[in-house]
Each structure stands twice: as C-alpha cells, then as structure tokens.
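Here is the structure we will look at, set down as structure tokens.
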Amino acid sequence: MSKVKLTKGELKRQRDSLRQFERFLPTLQLKKQQLQMEILSHYGLLEKTKHEEELKQKSFESWLSLLAEPGVDISKLVVIKKVNRTCRNIAGIDIPVFESCEFKEAEYDLFAVPLWVDYAIGAFAELVSIRTSVKTIEESILILKQELRITSQRVNLFEKVKIPESLEAIRLIKIYIGDQMANAVGRSKIAKRKIELYAQNNSYDS
C-alpha cells in the first residue's frame, strides 16, 4: 500500500473508493459463479457431442472397407462451404454457438461410382458437422475460461488488496485525526488554564 495522506480529504476519497469496491464486488462474484456454471455446462455438452462423434464413427465400421475401393475418396467429396454460427452472450461476453455446416455440392459420375457412395457422403457430412460442433464448443470453453481467469483476478484484487487497503487507510486516517483532535483539545485546555491564571494574577495585582 502506498503512503496515505492523513487528511480529511483523503479520508473521504478512501471512503468513496471503499463504497465503489463493495458495490462492484458482488457483481464480479456473481459473474464468476455464472462463468463457472457455464463452463461446467459446456463440458457436459462437449462430452455429449464427442459421444455422438464416437457413435457416428462406429457406424462406419461395418462398411469402412468399402472406402478403400480404388477411385473412391469420400473426403474429397465432402467439402465445407460455410459454417453457420451464432453468438450467445454470457455474463457480458459473446461466445460462438454452432448451428450447421453447408457443404459444396459433390460432383461425381453416378455411373462410375458404387451406389453406397451417396449414403457415405451423407454420413461423412454428418460426422464433419459433429466434429465442427466439437471444435466450436472447445473454442467457447477457452473463451469462458479466459474470462473466468480475468474475473477471478479482479475478485481477488478487490477482496484481498483494494478493500483491505482502503479499510486500513481509513483506520490510520481516523486514528491520526482523532489524535490531532485530542491534542487540539489538550492545547485548548492548557491555553484556557493559562488565560484563567493570567486573569487571576491580574485581579490580585489590582
């Protein structure tokens, strides 16, 4: 804590600062709780979406060997054209929310490829969409965790530094002002006694 000016003006400034800190702290604490809850919720959503991804991958296993056929490359036929995302505001910050993927129209010779390719393109597009959703959720979690880190630092700053510093400064200033007032009263009494003694002495002389 920097050196505090022991004045009434500084006392007012410290009291004003303390009121501000005590007013903002509950808001920051609430934001911290909201972010913690939202992060837990996103981890739950991430786990659920990854489970969907695993199920989709397992559904490929029965015909996975077909993908190895020459002249068939599903990955080249499933190309993302656009990822549709919206924003959701949580505790004052915007996080991305996955909506859907739009894919380029697959161009291939219907007579030159096996019949199962149509189904494979649709299934693989679903898998790509799920994976894109996973990435969006992971991105959201990173944003939320970064904001939680900043908010936690501010809460700690208020709770452990700013509020205690203001309270200590107010205590020191009040002690100093109290001492000054006591000294002033003491000096006033001494001056009064001197005046009284002076008045008495002069009355005897007369």
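The values are calculated or read from the model by the stated rules, or taken from the named source; none is laboratory data. Computed from a predicted model, the values in this text were never measured in an experiment. Note that each Cβ is placed from the backbone with ideal geometry, even for glycine, and that neighbours are counted across all protein chains shown.
Miscellaneous remarks
- Count of region 154-184 residues which are free of Cβ contacts under 8 Å to residues at least 60 places away in the same chain and more than 26 Å from Pro26 (Cβ to Cβ): 8
- Test: residue in region 39-46 that is touching a Lys or Arg at 6+ places or on another chain (Cβ under 8 Å) and modelled with pLDDT of 95 or more: yes
- Some residue of region 125-143 being in contact (Cβ under 8 Å) with a residue 60 or more places away in the chain, in contact with a strand residue (DSSP E or B) (Cβ under 9 Å, 6 or more places away or on another chain) and small (Gly, Ala, Ser): yes
- Selection of region 1-54 for residues being hydroxyl-bearing (Ser, Thr, Tyr), closer than 18 Å to Ser140 by Cα and free of Cβ contacts under 8 Å to residues at least 40 places away in the same chain yields only Ser41.
- Every residue from region 7-32 that is among the small types (Gly, Ala, Ser) and either outside any helix (DSSP H, G or I) or within 28 Å of the chain's Cα centre (by Cα) (or both): Ser17
- Check on Phe60, modelled with pLDDT of 90 or more, farther than 19 Å from Ile141 by Cα and of a type outside the set (Asp, Glu): no
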